[in-house]
1. Could you go through segment 82-90 and let me know if any residue there is over 12 Å from the mean Cα position of the chain (by Cα), outside any helix (DSSP H, G or I) and within 29 Å of ALA173 (Cβ to Cβ).
2. For segment 171-196, how many residues meet the condition of being closer than 13 Å to THR51 by Cα, surrounded by 13 or more Cβ atoms within 10 Å (Cβ to Cβ) and either at pLDDT 85 or above or among the basic types (Lys, Arg) (or both)?
3. Quick one: in segment 18-48, of everything that is assigned to a helix (DSSP H, G or I) and either of a type in the set (Val, Ile, Thr) or modelled with pLDDT under 50 (or both), which residue is surrounded by the fewest Cβ atoms within 10 Å (Cβ to Cβ)?
Amino acid sequence: MSWQKFRSETLEIRDHQSPCTQTVNAVIDTPDLSNLRVLAVHEAGHASCATNLGLVVEAIEIDGLDGYSYVADLDRARPSIQLAILSAGAAAERGLTGRKMESRPHENSDAQRIADVLRLVDRRERAAVMAQAEQMAKRLVWVHRGTIFKVATALLQQCSSAGQPQARLDGDALSDALGGPAVVAILRAAARPRDA
């Protein structure tokens, strides 16, 4: 895959109350730029949802047309929380860009991870738990769409700076994109169970 050109691209934010657009500088390869944008929004959706549910997001990466969100202790969260975080990527794709990525090159699929988590849930309750998790993901994506676009823009700007479809946000850069260290700390504290 060759990534040769730079140019500004307009990323539409689907906000029915006040339609607007945001311009970002991005590396483009004509057939795949839109997929790279959708991927950035997808991974930002996972990260924002996890942060707002009180989990620690260690890093977000884009590598070609695959992406990863590293969420500490995701496997220790309740299944409904895991499912909401895993569903948030697709919810961000559809809800904020109006499309879904056409293909994923690796079997690092959210669908497989969702299926694995659903095995932890009583068979009779799976449909209801999944429906609740998807609704939670959609709600979190919509409420925190500004943060999602800020994180996606930071990923795309790194791709642009590097001249290739690879980016990693971690440490202060990730914390700033998610709202700053104070916001992240408050969200984590609010999500902790309180002692009785």
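The values are calculated or read from the model by the stated rules, or taken from the named source; none is laboratory data. These numbers come from a predicted model, not from an experiment. Cβ: placed from backbone, ideal geometry, glycine included. Neighbour counts: every protein chain shown.
1. no
2. Total satisfying the criteria: 6.
3. Checking each candidate, the answer is VAL38.
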